[in-house]
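Student: Before I ask anything, here is the structure I am working with.
The values are calculated or read from the model by the stated rules, or taken from the named source; none is laboratory data. Since the structure is predicted, the reported quantities are computational estimates derived from the model, not experimental observations. Every residue, glycine among them, receives a Cβ derived from its backbone with ideal geometry; neighbour counts consider all protein chains shown.
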Amino acid sequence: MREPVIIFRNIHKSYPLYHHVTGGIKNFLFHFKKSVSGLQKRSYESLRNISFEVYAGEAFGIVGANGAGKSTTLGLIAGVLKPTMGSICVKGRVSSLLELGAGFHPELTGRENIFLNGVLMGLGKRQVRGKLDQIIEFSELGNFIDQPIRVYSSGMLARLGFSVVAHLDPEILLIDEIMAVGDIEFQKKCAGKMMEFKRKGVTMVFVSHSAGDIERICDRVMWIEDHTIKMLGPTGYVLDSMLNRKLATSSGGL
Ligand SMILES: Nc1ncnc2c1ncn2[C@@H]1O[C@H](COP(=O)(O)OP(=O)(O)O)[C@@H](O)[C@H]1O
Ligand SMILES: [Mg+2]
């Protein structure tokens, strides 16, 4: 029996909505209580009623337009965001690459950041040292590894970030759009590493704009549209539906 290692039940995530005071500041102050409660009630819904499960060893893709809620979903799995409503259960050690440079310190060198991240992920210094050569080699950063990472390009940051999470023995790996940054050769290398993880039975949740990568790597895909699940199923089926929809809207829209 396959065991679910990520369980989302009726997840909602809202952010407070900040906006300009309309009707003038006098009016605002005069009706202070009402105005403030009006402001507090306003919120922006990033995710609405999201329920799904990811099974141990599964490669699970998330697709959808910009702003749909993909990164928010990953942030909730990683535990860096909290849901407004609903329950989330994640079983296993999570390694995540959510944003470029997240978890890195700009003044530290690439090498020092590898240590920092390793320790943050719960490894001992000696364990990180044991993996250091592999991480540096995979990143292909050469001498830049001893430069502070504030001088890195976004492609270099992506190399370092991916190399770190890929070598710290994750049980659950979360990757957000990272393959889109950097050169084609490195993207291919990342995809290769992800296939290797898949063979090893690491659970992966993967957000990408590249239908090709999703198709190659993922077993199932969740399509988010307008902050809620539009479709969830086998990769081919969901990607075909998205493609058909795009064709239909582009011909219908002209
Ligand atoms: N910290 C935040 N504060 C307010 N709104 C946010 C915040 N983060 C994301 N959002 C909003 O939530 C929605 C979903 O964002 P996101 O998950 O980043 O989308 P995606 O990754 O699919 O492009 C977007 O409309 C975005 O503007
Ligand atoms: Mg995003």
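Student: Given the conditions (1) in a helix (DSSP H, G or I); (2) free of Cβ contacts under 8 Å to residues at least 60 places away in the same chain; (3) closer than 21 Å to Asn49 by Cα, which single one is not true for Val238?
Tutor: Condition not satisfied by Val238: (2).
Student: Can you spot a residue in region 26-39 that is more than 21 Å from Cys218 (Cβ to Cβ), within 16 Å of ligand 1 (Cβ to nearest atom) and modelled with pLDDT under 80?
Tutor: Checking region 26-39: at least one residue is more than 21 Å from Cys218 (Cβ to Cβ), within 16 Å of ligand 1 (Cβ to nearest atom) and modelled with pLDDT under 80.
Student: Sticking with this one: Can you spot a residue in region 58-68 that is over 26 Å from Gly212 (Cα atoms) and among the charged types (D, E, K, R)?
Tutor: No.
Student: Next question, about the same structure. Show the residue pairs meeting these rules: Cβ distance below 6 Å; 6+ apart or different chains; first residue within region 63-74 and part of a helix (DSSP H, G or I); second residue near ligand 1 (Cβ under 6 Å from one of its atoms).
Tutor: Filtered contacts from region 63-74: Lys70/Gly64; Thr72/Ser46.
Student: Then there's this: Please count how many residues of region 117-146 are within 18 Å of Phe186 (Cβ to Cβ) and in a loop (DSSP other than H, G, I, E, B).
Tutor: 2
Student: Right, something else. For region 63-95, which residues satisfy the criterion of being under 14 Å from Glu177 (Cα atoms) and within 9 Å of the chain's Cα centre (by Cα)?
Tutor: Within region 63-95, Lys70, Ser71, Thr72, Thr73, Leu74, Gly75 meet the criteria.
Student: Next question, about the same structure. Counting only residues that are of a type in the set (A, V, I, L, M), surrounded by fewer than 20 Cβ atoms within 10 Å (Cβ to Cβ) and modelled with pLDDT under 95, which one in region 82-113 is farthest from Val221 (Cα to Cα)?
Tutor: The extreme case among them is Ala102.
Student: Looking at region 49-80, which of the residues that are of a type in the set (A, V, I, L, M, F, W, C) and within 9 Å of ligand 2 (Cβ to nearest atom) is surrounded by the fewest Cβ atoms within 10 Å (Cβ to Cβ)?
Tutor: If we take residues in region 49-80 being of a type in the set (A, V, I, L, M, F, W, C) and within 9 Å of ligand 2 (Cβ to nearest atom), then Ala68 is surrounded by the fewest Cβ atoms within 10 Å (Cβ to Cβ).
Student: Additional query: So which residues in region 205-231 are assigned to a strand (DSSP E or B) and more than 17 Å from the chain's Cα centre (by Cα)?
Tutor: Within region 205-231, Lys230, Met231 qualify.
Student: Shifting gears a bit: Collect the residues in region 82-107 that are among the hydroxyl-bearing types (Ser, Thr, Tyr) and not in a loop (DSSP other than H, G, I, E, B), keeping them in residue-number order.
Tutor: Ser87, Ser95, Ser96
Student: Right, here's the next one. Give just the number: which of (1) closer than 30 Å to Pro4 by Cα; (2) buried (at least 18 other Cβ atoms within 10 Å of the Cβ) does Leu160 not satisfy?
Tutor: Evaluating Leu160 over (1) closer than 30 Å to Pro4 by Cα; (2) buried (at least 18 other Cβ atoms within 10 Å of the Cβ) leaves (1) as the failure.
Student: Test of understanding: among Asp183, Asp146, Asp133, Asp176, which residue is touching a strand residue (DSSP E or B) at 6+ places or on another chain (Cβ under 6 Å) and free of Cβ contacts under 8 Å to residues at least 40 places away in the same chain?
Tutor: Asp146
Student: So which residues in region 241-254 are outside any loop (DSSP other than H, G, I, E, B) and either within 27 Å of Tyr44 (Cα to Cα) or among the small types (Gly, Ala, Ser) (or both), if there are any at all?
Tutor: Ser241, Met242, Arg245, Lys246, Ala248, Thr249, Ser250, Ser251, Gly252
Student: Out of all the residues in region 183-204, is one or more under 22 Å from Glu53 (Cβ atoms) and either within 16 Å of ligand 2 (Cβ to nearest atom) or in a loop (DSSP other than H, G, I, E, B) (or both)?
Tutor: Scanning region 183-204 turns up at least one residue that is under 22 Å from Glu53 (Cβ atoms) and either within 16 Å of ligand 2 (Cβ to nearest atom) or in a loop (DSSP other than H, G, I, E, B) (or both).
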